[in-house]
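Okay, handing you the structure first.
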Amino acid sequence: MAKNDSAQDTPNCELYLITPPRIDDLDAFAVMLNEVLATGTVACLQLRLKDVGDDGIREAVQKIMPVCGANDVAFILNDRADLAHELDADGVHLGQGDGDVGAARSLLGHDKDIGVTCHDSRHLAFEAGEAGADYVAFGAFFDTSTKETDARPEPEILTMWDDVTDLPSVAIGGITVENCRSLADAGAHFVAVSSGVWGHPDGPVAAVKAFARALAN
């Protein structure tokens, strides 16, 4: 994922959308996702499902990835570099226990994106960058019910990272329309959002438009 700069050389923070952990009706979700992505406000989508076997992931990818392609949105698969390779996803996001960057790169090649969760650790982020990751993710910055985490970095880690490297950073964890701007101002290049979009009281289309307004320079 590229780090975008405005005319004033100030990073534009973009929306990195994560699917709900459970999708009961893939056809209905694909229709809704198309409406969300058609707004042009989402840079990439990560498929992150809980308690779903390989065939369930394959079925979800077959329904969802074409929607991303039709809207020029990168499709990232969570955890599984092997399935990302098999299904020709645009990339994979690796947690600290999901394999190393080098192995994923050997499998996926150099035209796919690899992101790495680094929690609140600059050390892990530098290791990921040296190994060839395309982006690093820090968080959780705020309380979140989407994924359990003990890490709670301060926004300054985003500022430090932006100051010392061109590798994009993704901020994650409890991000809402109301608090996303603080992370953009701190130096995040992307904010990763799940429940802040899918659980928004006005619906996901209104949510991504609200995020776009909040993140606009």
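Each reported figure results from applying straightforward, stated rules to the coordinates on display, with no laboratory input. Quick caveat, the model's predicted, so the values are computed rather than measured. Reconstructed Cβ throughout: ideal geometry from the backbone, glycine too, with neighbour counts over all protein chains shown.
Output the number of the condition that ARG152 fails; it satisfies all remaining conditions of (1) in contact with a helix residue (DSSP H, G or I) (Cβ under 6 Å, 6 or more places away or on another chain); (2) part of a loop (DSSP other than H, G, I, E, B); (3) more than 21 Å from LEU45 (Cβ to Cβ); (4) not aromatic (Phe, Trp, Tyr).
(1)
Next question, about the same structure. Can you name the condition, by its number, that PRO168 falls short on among (1) of a type outside the set (Val, Ile, Thr); (2) in contact (Cβ under 8 Å) with a residue 24 or more places away in the chain; (3) surrounded by fewer than 21 Cβ atoms within 10 Å (Cβ to Cβ)?
(3)
Right, another one. Taking VAL92 as the residue in question, decide whether it is free of Cβ contacts under 8 Å to residues at least 24 places away in the same chain, under 24 Å from ALA188 (Cβ atoms) and of a type in the set (A, V, I, L, M, F, W, C).
Yes.
Which count do you get for residues in the stretch 101-132 that are closer than 18 Å to GLY91 by Cβ, surrounded by fewer than 21 Cβ atoms within 10 Å (Cβ to Cβ) and either touching a Pro at 6+ places or on another chain (Cβ under 8 Å) or in contact (Cβ under 8 Å) with a residue 60 or more places away in the chain (or both)?
Final tally of qualifying residues: 0.
While we're looking at this one, here's another question. Can you name the residue in the stretch 34-81 that is assigned to a helix (DSSP H, G or I) and touching a residue at least 60 places away in the same chain (Cβ under 8 Å) and, of all such residues, is surrounded by the most Cβ atoms within 10 Å (Cβ to Cβ)? If you could, list the steps in order and put the result at the bottom.
We begin by selecting, within the stretch 34-81, every residue assigned to a helix (DSSP H, G or I); these are 34-37, 54-70, 81.
Subsequent filtering for residues that are touching a residue at least 60 places away in the same chain (Cβ under 8 Å) retains 35-36.
Details: GLU35: 13, VAL36: 23.
That would be VAL36.
Going through GLY129, GLY95 one at a time, which residue ends up being small (Gly, Ala, Ser) and touching an Asp or Glu at 6+ places or on another chain (Cβ under 8 Å)?
Selected residue: GLY95, the only one of GLY129, GLY95 that is small (Gly, Ala, Ser) and touching an Asp or Glu at 6+ places or on another chain (Cβ under 8 Å).
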